[in-house]
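What follows is a short report on a single structure.
What follows is calculated from the coordinates using simple rules that are stated; it is not laboratory data. A quick note: this is a predicted structure, and the numbers were derived from the prediction, not measured. Please note: Cβ atoms are built from the backbone with ideal geometry, for glycine as well, and neighbour counts cover all protein chains shown.
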Amino acid sequence: MDTQLTQTSLSKSATRAASSGFRRGTITKVLTYVLLIALAALMLLPFIWMASASLKLDKDVFRFPIEWIPQDPQWENYRTIWTRIPFMTFVMNSLKLTVIITFLQVATSSFAAYAFAKLDFRGRDLLFLAYLGSIAIPWQVYMIPQFILMRELDLVDKHMSLILLQAFTAFGVFLLRQFFISVPNEILDAARIDGLSEYGIYFRIMLPLSKPALATLTIFSAVFVWNDFMGPLIYLHSESLKTIQLGLRMFIQQYSTDYALIMAASLVSLVPVVVLFLAFQRFFVEGIGTTGIKG
Amino acid sequence: MGTMKLTLKAASPSKRRRQLSKNLVAYSFILPNLLGFAIFTLVPIAFSLGLSFMHWDGANEISWAGLDNFKALRDDDTFNIALKNTLWYVGGTVPLTMACSLGLAVLLNQPIRGRNFFRTVYFFPYVASLVAVAVVWNMLFFPSAGPVNELLRTLGVDNPPRWSASVDWAMPTVVMASVWRGMGYYMVIYLAALQGIPQILYESASIEGANAWQKFRHITVPLLTPATFFISIMLTISSFKVFDLILVMTNGGPGRATNVLVLHTYNTAFRQFKFGYSSSIAMVLFALVMIITVIQFYMEKRWVEYSQV
Amino acid sequence: MTKWLSRRTVKMLAVLLAVLFALNGGLISGGALAQDEPITLTMSAWDVATTPYWQAVIDAYEAQNPNVTVELVDISSAEYQDVMNIRLSGGDETDIITVKDIPGYAAMLTRNQIVPLDEFVEADGLDLSVYSGAEVELTYEGSIYALPFRSDIWILFYNKDIFDAAGVEYPTNDMTWDEFDAVARELTSGSGADKIYGAHFHVWRSCVQLATVQDGQNTIIADDYSFMAPMYNMVTGMQKDGIVMDYGELRAGNIHYSGPFINGQVGMLPMGSWFIGRLVADQAEGIFDFDWGVASFPVPEGVEPGTTAGTLTSLAINDRSKNKDAAWDFIKFYAGEEGAKVLAETGNLPALRTPEVLEIFASLEGVPAEATEALQTTTVRLELPMHPQVGEVEQILNEEHELIMTQSVSVEDGLEETTSRISDVLE
């Protein structure tokens, strides 16, 4: 990391430097890009492997040394995934759950986070500690009591069970609290003097100022729900309700696993995630820093 | 918080009413989340924590155990191994991931061509299927013909490590995989936080003749402390709870070389059906994490700088 | 602080536990049903979308019993037993529970989640000896809790082309493990990507350990594991000499046994009979084109040929089921003659092996001619015997197997450690 930082610092100072330093600046700039590209290659490896595996016959997927470009690409794998299992149904179910849960999570978390970050009230620290503490308990330990609860509410094998379990998370509250807390109090006080209620401040000031944070939570939450396997595994068993991650598992059978089809289906299932990430990217460059508001 | 209580005591009735309505407004903000959170998370958690003082096989009567489960922990080899492994994993993963994610975020906050591309790509490992991650990582570190060992051999290492197939190297291999997978995720948080730093601070620092390192040290780092605080806590907690990655990469092996607390919790519950005992392991994990978190919170006041801009 | 803990907290926890358990206390009832009343049974299963026999047997049953509908509860196979455990602990009422393996059977049986079937068996005068020994293996403390419907045995798969190229005779049905070792060494040739391995051991513990209990002197749950040393010495020796692929790499590379065999990289593969179906299907699709054959599982010197190990899939009735009589009628059909025929027709070996059923299986398109002989067995031992702590024991066996096979410990030390850890568990 140190080298990365020095390199960027160098390249920054180089732009201001005299002509003698110019060549050194170009070199560090080149080095920076080489580093960035090398890192990107390392990050992309699993996807390249997935793409290559998805075009192979199952018997060749784990053959070593790896054949990165399949000699005889099996394009029909991409057709098979839609016909062998009701993949479209699973995509729709995952979409439905992801949209509903993410919306509820961002809405309720940001609401609660505002109170934790900017309002003084009785029991705040204790409550916040309870939120934090809950993150520290592994989910595997309390999935049985949760299941008992859901069965009593007659929600097993219904989407509602997952929505209720995942929409109200401590993680979202904590994440947004940390962002909200760094919004200068002066802005809020000024708004209070202007007669805005706390609700008004939340909607008109906090939310617009926190787009990067809200975008972050949206991405994290959507990725979590989209990729969640254990939740749907325990709660959903009707084919018409299952999600993508359960669908992928249908290619893993008791005595054989069709990795080529799994990888094809996984890649297809990643498309929405990548689209979402790209769509929300622009919010990372649209924060307080660039909108010109200062404390 | 402390000062608030003091003012409450000395307050006049009208002031008290104002505080009450302030409380109500605050509760109204929290309620929608708290309601669902309390019913579907806190209640089940309380139940399973209570179980740590009970014997339960998951089907028959529950019976009182007192501290038996906790006493049994002392003689449980696997628990001790798992505890040690977990600490190892946390100690390796947390600092490395934090350093790498901050580095990436700062690097990608520069005006670099293709910035959006790189940002997306660095986030990728986090969304990739865990199976693919495990496969690719194990392939890079494949003992006989993997690229890493090929490189080491050309560099003159005659007997390169057998990585995940060796008792001594399995944990470092998992730690590296987890850093590689997690740094893009935390980079996103850092990136979002970097947007909150007013550009004008850098501009005025430049006018005063500060160099890039000085600006990083005196503007970026302090203003990122809320995010750093959040990341350090979340990363510590999630590293203590590591499960999925271990499961697909090594399943705790070879032998018990990468067995960790949550894996042991899971096995005692679902292989051995000692749900009470399993909860007591989770309690130890919980206590450990909470001690560290509370310490972090106390230290927060010393080093985290909130909205001093 | 401690006082506060001991009073308020304990009281609150007690209330909480009471509430949750009051909620959880499902009613237990048998309930005889009128003959024609419409009834819906639920049955847990795995891989429903890709395994034809589940629904095929149900269709056959529903055709004979128009008032009954059977619904499948589909759970992904790798996590099946874990999910069943969570659900049963949470009060699930699925009527018919499919038992995937012995640890799962032991777990549900010892915790009274499934009911003994003795009364039903007696009432219907059912003769369980048709299951040729499987019924004995499933009996625990004098009662049987599940009826077997599918049973696979371990056999030896081999690549005829590799044998022909090396000029070696095909394995016979009375091959010993020593002969297996010698033949594997003869078949091994080449290097790098073209290397032919004489044999292949998959990473499962059972691949090595099953051979150590064939003689009937010991079982997998033992108080001294030194009897496993000869087999481990043989396999690790083959590994050192490059006769079989390296265990650590198979594990790290997540390599499924079908890959090396179908790619023609290995001469012999000891594996379960379930693999026949896969090979038949792949060959029909033209995925590989070499000749393959099957022989009986090799035996240790002096053990009667045809002695092998097997796995059972069986059906049990949930203790919380409200339709126990109807459920019994269904599992009797499923595990009986008619269910067995459907299984054989779909390329699976049923637990009920009448000559007629075996004939259906052997005459399926693509099944090698040797199969009829190779599938004849004299003694079938369960992969894992029924024991209340079998799950815990199995975990230790797996861990120590990994250490021995990655050569992290010597065979002797590893088995000694196994002995001491398992005797701690069994006390």
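Some notes on this structure:
- Between residue B:110 and residue A:254, the distance separating the two model label sites (each 7 Å from Cα on the Cα→Cβ line) works out to 5.8 nm.
- Taking chymotrypsin sites (Phe, Trp or Tyr not before Pro) as exposed when their DSSP state is a loop state and no more than 11 other Cβ atoms lie within 10 Å, the longest site-free interval of chain A runs over A:76-295.
- Residue pairs, from the table A:59/C:160; A:59/C:195; A:211/B:241; A:118/B:301; A:118/B:215; B:84/C:240, whose Cα atoms sit over 21 Å apart: A:211/B:241; A:118/B:215; B:84/C:240
- When you filter the trypsin sites (Lys or Arg not before Pro) in segment C:147-235 for DSSP loop state and at most 16 other Cβ atoms inside 10 Å of their Cβ, you are left with C:195.
- Taking a point 7 Å out from the Cα of residue A:157 in the direction of its Cβ, the residues of segment A:227-260 whose backbone N falls within less than 16 Å of it are A:232-243.
- A Cβ-based charge dipole, computed about the Cα centre of chain C with Lys and Arg at +1 and Asp and Glu at -1, lands at about 1840 debye.
- In chain B the longest region clear of GluC sites (Glu not before Pro) that are loop-assigned by DSSP and have at most 12 other C-beta atoms within 10 Å covers B:62-207.
- Scattering curve values for the protein assembly as shown, log₁₀ I(q)/I(0), Debye with Cα scatterers, q = 0.06, 0.10 Å⁻¹: -0.50, -1.33
- Choice from A:188, A:217, A:31 with maximal GNM fluctuation in chain A (Cα, 10 Å cutoff): A:31
- In a simple Cβ point-charge model (Lys, Arg +1; Asp, Glu -1; nothing else charged), the protein assembly as shown has a dipole of about 8880 debye relative to its Cα centre.
- Shape of segment C:337-427, Cα gyration tensor, a/c cut at 1.5: prolate
- Spacing of the modelled spin labels on residue C:217 and residue A:82, each 7 Å from Cα toward Cβ, amounts to 6.2 nm.
- Estimated FRET transfer efficiency when R0 is 22 angstrom, pair residue C:169-residue C:369 (beta carbons, to 0.05): 0.85
- Sparsely packed GluC sites (Glu not before Pro) within segment C:167-257, loop by DSSP, other Cβ within 10 Å at most 16: C:169
- Restricting segment C:327-393 to GluC sites (Glu not before Pro) in coil, as DSSP defines it, with at most 16 other Cβ within 10 Å: C:365
- Listed by Cβ neighbour count within 10 Å, with the fewest neighbours leading, A:233, B:42 appear as B:42, A:233.
- Shielding by other protein chains, B:254-267, mean Cβ within 10 Å: 4
- Considering only B:295, B:81, B:231, the mean-square fluctuation computed in a Gaussian network model of chain B, springs between alpha carbons under 10 angstrom, is largest for B:295.
- Taken as entire DSSP H runs, the helices of chain B that both span 27 Å or more between Cα atoms along their own long axis and average -1.0 or more on the Kyte-Doolittle scale are B:13-37, B:77-108, B:170-194, B:275-303.
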